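The numbers here are math on the coordinates, done by the rules we state, and not lab data. Note that the structure is predicted; figures quoted are calculated from it, not measured. When we count neighbours, we look across all protein chains shown, and the Cβ atoms used for this are built from the backbone with ideal geometry, even at glycine.
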Amino acid sequence: MSIDLILLHPSSVYDFRQKTILYGPVSDLIPSSPAFEMYPIGFASIAEYLERAGYRVRIVNLAVRMLNDENFSAEAMIKRLKSPVFGIDLHWMVHAHGAIEIAKLVKRYHPEAKVVVGGFSASYYYQELFQYPEIDYVIRGDSTEEPFRQLMDCITNDKEPETVPNLAWRDNQGKIRENPFSHIPTDLSNVMVNHYDSIIRSVIRYRDLASYIPFKGWLHYPITAVLTCRGCTENCTVCGGSSAAFRHFYNRERAAFRSPESVARDVRQIGHFSNGPIFILGDLRQPGGSYPGEVLRLLQKDGVKNQVIFELFSPASRDFLQRMSFTCPNFCLEISPESHDPEVRRAAGKHYSNEAMEQTISDALDVGCGRLDIFFMIGLPKQTPQSVMDTIDYGDFLLEKFNGDKRLSLFIAPLSPFLDPGSLGFEQPERYGYHILFRSLEEHRQALLAPSWKYSLNYETKWMTRQQIVETAYEAILRLNRLKAKYRLISPKMAEVGEQRIKAASEMMHRIDDILSRDNHQEELSRLKAEVDRINILPVSEKAELELPPGLIKLKPWRSLWSWMTRRQ
Ligand code: B12
Ligand code: SF4
């Protein structure tokens, strides 16, 4: 079967299975492992859009395959694949190493094929990307479906892509050309129309479920995301997806929202193949007006069975929470105050009081919220090590105030490994008290190979050195773990596992520091590999905590296959 485009998702560090790297808590609060194996949801959108235009598109998540099978060779797979065009995501900066290495392999085995790179980080570093001769095209922006279609038309018809919007490219003479960055749609009705079905269809067509799995463990815990927007109305200081970052780097003046009908349709479609949790990404109140009410009305009409997770960017009214509960009984909420200290929170770009947040917690629990996750962060402006410890004390205060309610889950993690390029903190470091340690794409690539996550961090703050950030992170995670044990929010066994993991990692970090201070450390580091790997794969109790109770959740593959087939007729 001939294929027109293969979308490849790399691991963070290409050959992570060979390297000695202590990853630290860089991915503790997301489903991915430190290989950051999850591919951008935009892959599904691009694939579906191009399929509608008549192109055959296949997705291969190389990272998840490398994680799931130690004998899987990404190189051999790339060699085997045949396509005139390969797309590689450099969406998240954490893939800076893997993305370029994959591009090199594609060109080594398929010198005649074209390599297209895209995503937020690629958009930010689009000029620097052409220093790597393997890259032929970069499509910039948060909405590349239509530019990609036009580029595919040009490649297929052997035409120079002079009119393809958002495209930077190497022409026949090897000159780098830059087309106008003009495709920033505000109407999203023509994208993500049927992307879940499209994925199922591809899994069946290529008989390759293994390459479509979004993250290791997804089959056991099939959480699925529904997007509400492109862009963001908020301006969090550390975020490369803030409204300021979108304006300056992705050319988007204002966030664009999917219609309530599209959001409800996604939820319906997911219900066809999974009864796992559905995470509706982006606060429903962002567009204002009747939007949140309309989404909830449609969800209620459809009678959603899956547990739904909603995000709050700020405290919410009791009335709104009540409506969520009415529509999605046992709903989950996520809120990220970042710090207990409103001054630190303000410096991080969030402007609300603890009283308002506590009122929201109280109301949410009262109206029947099934679980409420509260996220704090380390590495913020105006935040000292003491302030982080005070945040843990505030956690104690909260748990006492709400009588150790088991539905409350508190989390803390360092901002790592990178302060996002494009974020206000990265772009105006003096103003926000950041000290940026390296800026270029190549420096980020090299930093990812450092033997310990401390040396990957691309920033320090006026209030904390790199050393203090990592020490404080370990201490805070340890203390929060003990707090959870005190309130019996986690089992003694889970608490013990968490304690052992943090202590082992912290001790290993010091050993690595010690080795690095000596000459000829490479050999000594290699000898440490087995031990470091053992620590890296110790179970992360926070991940288990973030999961809803297992046992009830399962995929419905036969049902989805059946519904897909019957809908085609
Ligand atoms: C949803 C989201 C997530 C979801 C991911 C869902 C998913 N599978 O995509 C979750 C919560 C899991 C997540 C995790 C992380 N995220 Co996040 N996330 C977002 C968020 C809020 C929205 C992104 C979105 O919905 N985009 C819309 C979809 C449809 O588009 P898309 O996937 O971006 O794809 C489009 C374009 O990017 C582009 N594109 C993408 N890939 C490719 C490839 C090619 C070849 C081409 C041509 C185009 C292209 O075209 C697509 C279609 O138009 C943004 C912030 C924001 N306001 O945008 C942060 C954001 C993208 N995340 C960010 C970060 C840092 C992370 C983490 C690294 C955090 C961490 N340390 O744990 C992890 C990485 C996870 C992994 N890979 O394993 C940063 C990225 C900054 C940077 N430059 O690196 C952002 C900007 C802000 C933030 N700090 O949260 N994230
Ligand atoms: S972190 Fe803040 S700015 Fe970034 S996507 Fe979330 S709400 Fe928007």
Over 30 Å (Cα to Cα) - which of Lys406/Lys503; Lys19/Lys79; Lys350/Lys529; Lys19/Lys382 fall in this group
Lys350/Lys529; Lys19/Lys382
List the residues, sorted by chain then number, that are 5 or more residues from Ala225 or on another chain and whose placed amide H is less than 5 Å from its amide H.
Phe279
Normalising by the residue count of the chain, find the relative contact order in percent from Cα pairs under 8 Å and 6+ residues apart.
15
Given a Förster distance of 35 Å, report the FRET efficiency between Thr163 and Glu261 from their Cβ-Cβ distance, rounded to the nearest 0.05.
0.60
With a point put 7 Å past each Cα toward its Cβ, work out how far Thr186 is from Arg431 in nm, to one decimal.
2.5
Show me, for the stretch 491-505, the HN-Hα J-couplings you get by feeding each phi into the Karplus relation (A = 6.51, B = -1.76, C = 1.60, θ = phi - 60°), rounded to Hz, glycine and proline as x.
6, x, 5, 5, 4, 5, 4, x, 4, 4, 4, 5, 5, 5, 5
Assigned charges on the beta-carbon of Lys, Arg, Asp, Glu; the stretch 5-178 dipole about Cα centre (debye)
440
Nearest-0.05 FRET efficiency for Ile30 and Thr156 at R0 = 41 Å, using Cβ-Cβ distance, is 0.65
Taking placed amide H atoms and a strict 5 Å upper bound, the residues 5 or more places from Arg177 or on another chain that come that close are Trp169, Arg170, Asp171
Among Thr233, Gly368, Gly24 - extreme Cα towards positive end, dipole of the chain, charges at beta-carbon
Gly368
Can you compute the modelled spin-label distance between Glu523 and Arg346, with each label point 7 Å from Cα toward Cβ, in nm?
5.8
In whole Hz, with x marking every Gly and Pro, tabulate ³J(HN,Hα) for the stretch 122-136 from phi via Karplus 6.51 cos²θ - 1.76 cosθ + 1.60, θ = phi - 60°.
5, 5, 5, 9, 4, 6, 4, 4, 6, 5, 9, x, 6, 8, 9
From the phi of every residue in the stretch 176-187, what ³J(HN,Hα) in whole Hz does the Karplus formula 6.51 cos²θ - 1.76 cosθ + 1.60 yield, where θ is phi - 60° and glycine or proline is x?
7, 10, 10, 7, x, 8, 10, 9, 10, x, 9, 9
Which of the three applies to the stretch 222-546, rounded, prolate or oblate, going by the alpha-carbon gyration tensor with a ≥ b ≥ c and a/c under 1.5 meaning rounded?
prolate
Excluding residues fewer than 8 places away in the same chain, name every one of the aspartates and glutamates whose C-alpha is closer than 19 Å to that of Lys543.
Asp28, Glu37, Glu311, Glu334, Glu338, Asp373, Glu475, Glu496, Glu499, Asp533
Which lysines have a Cα lying under 28 Å from the Cα of Lys82, excluding residues fewer than 8 positions away in the same chain?
Lys104, Lys107, Lys114, Lys159, Lys175, Lys216
So what's the convex hull volume per residue for the Cα atoms of the chain, in Å³?
151
Contour minus Cα-Cα span, Gln500 to Lys305, at 0.36 nm per residue, comes to 66.4 nm
